[in-house]
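Below: the structure, in structure tokens.
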Amino acid sequence: MSNIENTKVNPKLPLSKRFKNSQPYGAPVLDLELKLNTNENPYPLPAEVKAEILEELSQKLDAVNRYPDRLQVEARTALAKYLYEITNVAISPTQVWAANGSNEIINQILLAFHDPGEIALGFEPSYSMHKIISEAVGYRYQAVPRGDDFSIDFEKALSVIKRDNPRIIFITTPNNPTGTSTSLGDIEKILQVATQSVLIVDEAYGEFSTEPSAICLIEKYPNLIVSRTMSKAFAFAGARIGYAVAQLETLAALGLARLPYHLSTQSQVLAKVALGNYQLLQGQVQKIIKSRKFLMQQLRELGLTVIESDANFFLFGEFTSSQHAWQALVDESILVRDVAIAGFLRITVGTEQESHLFIERLKGLLNNKIILK
Ligand SMILES: Cc1ncc(COP(=O)(O)O)c(C=O)c1O
């Protein structure tokens, strides 16, 4: 069926040059039995959290003829309290700012600090939306390749930063799609050199990692913004709630770039109630970490290479052809992600039952030499 994603723009319209060679972003949508391709949390929202949300929403709907709280006071207060619980860093609600997913946070940061011709720099492979949003806003995007083990090559990074003085630098930790983390010490190495840049530390998968959050550094560095999301650890991908943590005078720039009333009343209620129940939801995170370890071990026993990961996904291979391996899995009703890293595929950790089914079917494909290592 024709839709906005598969239809060419009317060539008579003056489409921005930035989009002349663009494709809409999105993983392939196939209706398969095991959906292990978009790094979602596989567990549904606990019934008691759902009931509390409905109760609070029904009260808030009495005032839905009014615009939402532009300053999101209740949601930001709940975020600051949660961040204190998990990091032990005293964060004031004024140092937190929420939006419709961390993609919108990144968009607001990029808009706020943009001038024509400026560079946004990322360490690749990484989350492809960083480049897409940067170019849509008008930056020149510069990719600095990661090393063979997917870590950042700091010697190279620091010399490129000194030479090109990028306006924006992205560090994703744990990194998507590789699952590898960057330590706080290494983040500080960049901050000490990149004093003219805004450093976005994207911690979308922070809750799955054992590395401390870069939130510990915000007091020291006005040019650091930590971007996080409720999409993954809170099983809230459909709720669209992401947030930035930074000094108040830094976040004030996002206040200039945001659309008026961008975060709806219902999003603010959902965030507040879920954050109030964070311990319950974090139980799911522990289950996912346990499943990740189990799945990695099983794949190693099948003779596959697995890249260590601090997230709810990991890379596995090495296949003679990742496209062929991807298709063979699709034929078994399993959807994983081909992230264009030769020989490897990325799998999102699902439920225990999904992990068992995945291993069983993959074993069949390897034994029958349908997938070749
Ligand atoms: C590294 C990274 N950052 C940000 C996002 C965007 O998350 P959301 O907009 O759902 O908060 C994702 C989503 O997959 C991601 O992988």
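Some values worked out for this structure:
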read-out: Some residue of segment 317-337 being of a type in the set (Asp, Glu) and surrounded by 14 or more Cβ atoms within 10 Å (Cβ to Cβ); value: yes
read-out: Lone qualifier among Phe150, Phe170, Phe154, Phe123 - being hydrophobic (A, V, I, L, M, F, W, C) and modelled with pLDDT under 95; value: Phe154
read-out: Count of residues meeting criterion [outside any loop (DSSP other than H, G, I, E, B) and either among the polar types (S, T, N, Q) or not assigned by TED's automatic domain parsing to the domain that holds Gln192 (or both)] in segment 159-168; value: 1
read-out: Residue list for segment 207-230, restricted to those being open to solvent by 10 Å² or more (accessible area, probe 1.4 Å) and either small (Gly, Ala, Ser) or in contact with a strand residue (DSSP E or B) (Cβ under 8 Å, 6 or more places away or on another chain) (or both); value: Ser209, Ser213, Leu217, Tyr221, Asn223
read-out: Residue that is least open to solvent (accessible area, probe 1.4 Å), among those in segment 156-206 that are farther than 17 Å from Ser309 by Cβ and polar (S, T, N, Q); value: Ser197
read-out: Selection within segment 31-51 - away from the ligand (no atom under 15 Å from the Cβ) and open to solvent by 70 Å² or more (accessible area, probe 1.4 Å); value: Asp31, Glu33, Pro44, Ala47, Glu48, Lys50
read-out: Any hit, segment 13-21, residues being assigned to a helix (DSSP H, G or I), without any contact (Cβ under 8 Å) to a residue 24 or more places away in the chain and closer than 25 Å to Ile133 by Cβ; value: yes
read-out: Test: residue in segment 341-359 that is of a type in the set (D, E, K, R), in the same structural domain as Leu30 (by TED's automatic domain parsing) and in contact with a helix residue (DSSP H, G or I) (Cβ under 9 Å, 6 or more places away or on another chain); value: yes
read-out: Residue check for Asn6: open to solvent by 80 Å² or more (accessible area, probe 1.4 Å) and of a type outside the set (Lys, Arg); value: yes
read-out: Test: residue in segment 123-133 that is open to solvent by 40 Å² or more (accessible area, probe 1.4 Å) and over 26 Å from Gly26 (Cα atoms); value: no
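Yes/no matrix, rows are residues, columns are (1) assigned by TED's automatic domain parsing to the domain that holds Lys60; (2) within 13 Å of the ligand (Cβ to nearest atom); (3) hydroxyl-bearing (Ser, Thr, Tyr):
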| residue | (1), (2), (3) |
| --- | --- |
| Pro222 | yes, no, no |
| Lys232 | yes, yes, no |
| Gly238 | yes, yes, no |
| Tyr243 | yes, yes, yes |
| Ala246 | yes, no, no |
| Leu251 | yes, no, no |
| Gly255 | yes, no, no |
| Leu259 | yes, no, no |
| Ala271 | yes, yes, no |
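The values are calculated or read from the model by the stated rules, or taken from the named source; none is laboratory data. Bear in mind that the values here come from a model prediction, so they are computed numbers and not experimental data. Ideal geometry is used to build each Cβ from the backbone, glycine not excepted, and the neighbour counts take in all protein chains shown. When the accessible area is computed, the model is the full protein with side chains, heavy atoms only, and any ligands, DNA or RNA have been set aside. Shrake-Rupley method; radii C 1.70, N 1.55, O 1.52, S 1.80 Å.
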